Amino acid sequence: MPPASFHATRPGSIALLTFMVALNQMSMGLYLPSMPTMAGALGTSVGQVQLTLTVFIAGFAVSQLVWGPVTDRFGRRPALLVGLACFTAASVACAFAETIEQLIVYRFFQALGACAGQVVSRSIVRDTTEGAESAKVMSYIALAMSLSPAVTPSIGGQLHAFFGWRSNFVLLAAIGLILAAITVVRLPETTRRKVPDALHLVPMLRNYGSLLRDRRYVGYILMIGGMFGCLMAYQTGSPFVLMTELGWSPQAYGLLILFNVFGFLTGSLIAARIAPRFGIPRMVRLSSIVVLVSGFLLLAFPLAGHLSTVAVIAPMMLFLFGMGIGIPSAMAGTLQGFPYIAGSASALMGFSQMGVGVLTSLAVSRIDGDHHLVMGAVFAASGLMCFLSQALVLPRPPAAR
């Protein structure tokens with residue numbers, strides 16, 4: 001029997017919420033070191049293996065538009081349990097896939113389940129916290145979203161070396177099962193008021209329409225989308241740049257990604273110190289500038305004909321530093337002002353970020369040519385989108401008197 005109330009600021013609660021959010025990034029990052037090997041094992045091309053990532057992102061993006069209203073209509077707890085069941089079953093299926101076509105289909109359903117964790121966790125934060133508390137919890141959620149892509153390839157590389165590529169999906173299934181058990185025992189219903197017509201088409205469109213008419217909301221989701229576009233471009237292209245073109249092993253690739261952890265943690269620590277003094281608008285402005293510079297650097301090296309490990313890792317470290325500075329503030333700013341449609345607001349935010357991720361991942365996997373140059377160009381374009389969203393769409397804060 002779950003407790004009567006849920007306190008999102010407690011360490012155990014934060015851990016549960018961050019793991020639910022991290023299902024998405026774990027599902028994308030864990031098997032990255034195995035991607036070149038999977039092409040040979042399944043008798044397919046590099047592009048088809050990259051498509052397993054693109055399809056996952058697409059499934060995640062689209063399903064958010066459904067999970068948001070579902071959580072508003074039926075509550076957070078039942079939606080999460082259904083999603084975790086779907087995720088666990090699909091992860092098992094991925095582990096036993098015999099063809100690339102099967103794996104692509106199973107990855108889509110895995111995304112549907114993982115999506116529930118992200119939508120529900122953000123809605124729970126909005127249900128149970130306000131103001132500074134909300135920003136604090138959101139910073140931990142942002143940490144999970146941005147740190148897990150850096151950490152999980154390291155774990156995946158070791159799993160690949162000792163147990164093969166299928167072990168990555170076995171681990172994901174085990175994580176899904178554990179989270180479902182904890183949810184049954186520890187997570188009560190947190191929604192303040194269920195919305196009976198949340199799944200009706202007209203109210204659903206009305207809710208999304210009200211969100212899209214809010215300039216501040218649109219500016220933040222486009223900015224977050226640009227950041228995740230950069231992230232997905234790198235995740236899709238870097239395994240083949242670092243392992244196929246530069247010759248690093250899957251284990252070494254996973255360890256190289258740990259350098260990115262340093263960039264993000266540094267940005268997060270600085271943000272924790274200066275965010276209360278700077279405020280949300282100045283934090284996101286600083287972040288967007290750093291992201292823009294990192295994008296230009298990742299593009300400049302291949303344009304100059306320079307391919308090296310440093311030319312790939314250093315710009316990504318700078319990007320994650322900028323992401324660590326700005327994304328907690330951007331996420332907190334996005335969900336302000338929508339208490340009764342928090343699920344829909346969270347879903348549309350997730351759809352935008354993953355929608356941009358689909359486009360960047362697809363571009364990197366389908367555009368023929370130098371992997372390093374294509375990845376850098378798509379990354380730079382997403383960084384420019386992040387900067388322009390902040391500079392041109394977000395309303396300017398009133399000048400201090």
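The values are calculated or read from the model by the stated rules, or taken from the named source; none is laboratory data. This is a predicted model, so every value here is computed, not measured. All Cβ positions, even for glycine, are placed from backbone atoms using ideal geometry, and neighbour counts span all protein chains on display.
List of remarks:
- Answer residue from region 88-119, given it is at pLDDT 90 or above and closer than 16 Å to Val184 by Cα and is surrounded by the most Cβ atoms within 10 Å (Cβ to Cβ) among those: Ala116
- Residues of region 177-188 classified as closer than 11 Å to Leu80 by Cα and assigned to a helix (DSSP H, G or I), total: 4
- Criterion (out of contact with any Pro (no Cβ under 8 Å at 6 or more places or on another chain) and over 25 Å from Asp127 (Cβ atoms)) met by exactly one of Met232, Met243, Met223: Met232
Quick grid of which residues meet (1) under 30 Å from Thr190 (Cβ atoms); (2) surrounded by 19 or more Cβ atoms within 10 Å (Cβ to Cβ):
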| residue | (1), (2) |
| --- | --- |
| Ala314 | no, no |
| Phe321 | no, yes |
| Gly324 | yes, yes |
| Gly376 | no, yes |
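- Checking Gly369 against (1) on the phi > 0 side of the Ramachandran plot; (2) buried (at least 21 other Cβ atoms within 10 Å of the Cβ), the condition it does not meet: (2)
- Note on region 248-271: among residues that are surrounded by 19 or more Cβ atoms within 10 Å (Cβ to Cβ) and outside any helix (DSSP H, G or I), the one that is farthest from the chain's Cα centre (by Cα) is Trp248.
- Identity of the residue in region 198-213, part of a loop (DSSP other than H, G, I, E, B) and free of Cβ contacts under 8 Å to residues at least 60 places away in the same chain, that ends up surrounded by the most Cβ atoms within 10 Å (Cβ to Cβ): His200
- Qualifying residue in region 272-284 (condition: in a helix (DSSP H, G or I), within 19 Å of the chain's Cα centre (by Cα) and more than 20 Å from Met28 (Cβ to Cβ)): yes
- Which numbered condition Pro276 fails, given (1) more than 30 Å from Glu133 (Cβ to Cβ); (2) surrounded by fewer than 19 Cβ atoms within 10 Å (Cβ to Cβ): (1)
- So Gly47, is it in contact (Cβ under 8 Å) with a residue 40 or more places away in the chain, in a helix (DSSP H, G or I) and within 18 Å of the chain's Cα centre (by Cα): no
- Region 69-98 residues that are free of Cβ contacts under 8 Å to residues at least 60 places away in the same chain and under 17 Å from Leu23 (Cβ atoms), paired with ones that are in a helix (DSSP H, G or I) and among the β-branched types (Val, Ile, Thr) (beta carbon under 9 Å, 6 or more apart): Ala79/Val70; Ala79/Thr71; Ala79/Val119; Ala79/Val120; Val82/Val70; Gly83/Val119; Gly83/Val120; Ala93/Val105
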